[in-house]
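Read-outs throughout are calculated quantities, based only on the coordinates presented, and are distinct from any laboratory measurement. Owing to the predicted nature of the structure, the values given are computational and were not obtained by experimental measurement. For neighbour counting, all protein chains shown are included, and Cβ atoms are generated from backbone atoms with ideal geometry for every residue, glycine included.
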Amino acid sequence: MKFRDLSDYYEKLSSISSRLEMIDLLAEMFSRAGKDEVRGIIYITQGVLAPPFEGIEFGMAEKMVEEAVAFSTGCTKKEVEVEYRKAGDMGKAAGLIKGRSRSRGLSSNELSVNQVHRSMLKIATTAGGGSKDLKIKMLASLLSQSSPLEAKYIVKYTMDELRLGLGDATILEALAAAYCGGRKHKAQLERAYNLCSDLGLVGEVAAAEGLVGISGFKVTLFKPIRPALAERLPTAEQIMERMGGTCAVEQKYDGFRCQIHKDGSKVKIFSRRLEDTTPMFPDLAAAVVNEIGEKSLILDGEALAYNNVTNEFLPFQETIQRKRKHNISEKVEQLPLHLFAFDIMSLGGKDLISEPYSKRRKALEATLAGSATMSPATMILASSPKELEDFFEKSVEEGLEGIVAKQLESEYVAGARKFSWIKMKRSYKGELSDTLDLVVVGYYLGRGMRSDFKFGGLLCATYNEKKDAFETISRIGTGFTEKQMSELQGILGKEVVREKPPRVESIVHPDFWVYPRHVVTVRADEITKSPTHTCGMEEGGGSGRVGLALRFPRLVGDEAIRKDKGPEDATTTKEVIEMYRNQKRVRAEDS
Ligand code: AMP
């Protein structure tokens, strides 16, 4: 496929807001691509160079791109800067300049999508002395071969500003339509994606082998599995009712989620967001090699600073100090980590993901038997609400967050929040028992003192999985610390977009829109019905054209933005509706 054709599709996609139309157009685009082109097309469409867990970044600052545009069009850097300011978007500016420049007529229209993807990968991985100039030259060379429209999308891709409004779920649905016999097979593609976290690979297999290849997908060492997540319920009675009989109850640890892959002496540790965090945890990586006999495995667990002598958990504020890129060895000495493993998804080359919890737990206990740095999460079997409640109280007394109950028969549900795992956390009197992780979609200007920071509040949204869209739930206007305000202004101020971003559903208009990218943790007193917010409006969370909102929302945490969560990891609309129903139920039971 020519990059020109891909650019045409992007142009059309940017003018569509209906999700179904987007899926149709994407499916048409995929069916026109060669089997060996699908992977590259998917990465470009996602705005990445490789699956995100490989951590390959473009590494091109704004000024470098400006220079490449100037170089390839014969303009001065000043001219590019002026056009950029006018257009508010470097891609648009590059397209306009290219359209006016003398080199316009030389456009070959021959760039293929694979050529663009390969060149961009080469630019990104060029490092070392003199690499800055080399990167600029390579980008300029690519731009000088491109038409104005191609230049627009190459620059947008480089600057991480593609913003086509396509979530992973939408791309998967289009792949199902193009290669697997229809959108109805989307679930199989989702399963494959949840097992490897590499949308490009899933697309390539779908294009080459159709549904058969997709159904045969297995976990692969060093490709992170999208983590299983827990639903929430507020009382032991409700949890036991939902579990439908004896269940396992594990302590819930508050540290770093670690998914550990081991093959001989090679170890990788992935975060909850599937980033490769191995360099941050050399002590854990060494323990995996030295303290586990099994040659290959994949483990899931939570690592926290723990005093092995007094058997005490250190608070999260201590553990979090291990999150650093420099002087790691010093912190390793001061704050050694302990891993509480709660699952095992692969052992000795055997896929355990579909085995029942009880069997995986046995395998986990046997595997960690000889380790001092790693142990299975403390667990009891509970058959009554009282047993569960007592274990919960004991865990809270020990300084933990709460418990996670697990169905004994359940498989490891990659990438999904299901009732086979249910969490119950410490509750705070008069407040919702759990916090919400919300996506920032806009912000407000400050008044009075706050205006020093040019920041006065956030517009936040939940993630609606069914629609693959973000629905507003709250304006948060109070309770920010100065540190949080300057952090938020510093980050959001650079990311303002002129119009409401695609996938954001909102009736209210903040002073500035931002692309849904950052997650904040919010505590509130209760969930109320609201005509001004869109959360749950269509699902009837509130009834009729009424959505749900938060009463007295405020940010939690020292740092405002949760770096471990992406927008699709935010609390979902479905969960908020569930919390709203529970809140009504608990109130009714109390009165
Ligand atoms: P939350 O972040 O409140 O949604 O809670 C879910 C998180 O709890 C998971 O992503 C894990 O990182 C963490 N967690 C801690 N202990 C456990 C456990 N025993 N089982 C499952 N998840 C756990």
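Give me the percent relative contact order of segment 229-424, please, defined on Cα pairs under 8 angstrom at least 6 residues apart.
Details: 395 pairs, mean separation 66.5, N = 196.
In percent, rounded to a whole number, it is 34.
If you stretched the chain out fully between residue 32 and residue 291, how much longer would it get, using 0.36 nm times the residue separation minus the C-alpha to C-alpha distance? Spell out each step's value before the answer.
Working: separation 259, 0.36 × 259 = 93.24 nm, distance 5.10 nm.
Length gained, residue 32 through residue 291: 88.1 nm.
What pairs from 325/425; 268/295; 63/325; 98/152 go past 20 Å between their alpha carbons? Intermediate results must be reported in sequence, preceding the final value.
Details: 325/425 31 Å; 268/295 14 Å; 63/325 26 Å; 98/152 9 Å.
Among 325/425; 268/295; 63/325; 98/152, the Cα-Cα distance tops 20 Å for 325/425; 63/325.
Assuming R0 = 25 Å, can you tell me the calculated FRET efficiency for the pair residue 110 and residue 57, based on Cβ-Cβ distance, to the nearest 0.05? Please report the intermediate quantities before stating the final value.
Values: r = 28 Å, r/R0 = 1.12.
For R0 = 25 Å, the calculated efficiency reads 0.35.
Greater than 21 Å separation of Cα atoms is the criterion. Which listed pairs, 184/467; 323/423; 135/494, meet it?
323/423; 135/494
Report the paramagnetic label zone for residue 126: residues of segment 47-79 whose backbone N is under 16 Å from a point 7 Å from Cα along the Cα-to-Cβ axis.
Answer for this model: 57-73.
Pairs of alpha-carbon atoms within less than 8 angstrom and 6+ residues apart define the contacts here; what relative contact order does segment 436-590 have, in percent? Intermediate results must be reported in sequence, preceding the final value.
Values: 351 pairs, mean separation 41.8, N = 155.
The value is 27 percent.
Can you tell me, using C-alpha contacts under 8 Å and at least 6 residues apart, the relative contact order of the chain as a whole percent?
Details: 1154 pairs, mean separation 66.4, N = 591.
Across the chain, relative contact order equals 11 percent.
Net charge within 14 Å of residue 136 by Cβ-Cβ distance, Lys/Arg positive one each and Asp/Glu negative one each, not counting residue 136 itself? Present the calculation step by step, with values, prior to reporting the outcome.
Working: positive: 63, 77, 122, 132, 135, 137; negative: 62, 66, 67, 133.
Neighbourhood net charge equals +2.
Distance between Cα centroids, segment 390-416 to segment 225-241: provide it in whole Å.
8
Name the trypsin sites (Lys or Arg not before Pro) in segment 100-199 that are in a loop by DSSP and that have at most 11 other C-beta atoms within 10 Å, would you?
Details: sites: 100, 102, 104, 118, 122, 132, 135, 137, 152, 156, 163, 183, 184, 186, 191; in loops: 163.
Qualifying residues, ordered by number: none.
With equal scatterers on the alpha carbons only and no solvent term, can you work out the Debye log10 of I(q)/I(0) for the chain at 0.11 1/Å?
The Debye formula, applied to the Cα set alone, gives -1.18.
Taking 0.36 nm per residue of sequence separation and subtracting the Cα-Cα distance, how much length would be gained by fully extending the chain between residue 246 and residue 76, in nm to one decimal?
Result: 54.0 nm gained on full extension.
Any idea what the alpha-carbon Rg over 2.2 N^0.38 Å comes to for segment 484-580? Can you show the working numbers first?
Details: Rg = 14.1 Å, N = 97, 2.2 N^0.38 = 12.5 Å.
My calculation over the Cα atoms of segment 484-580 gives 1.13.
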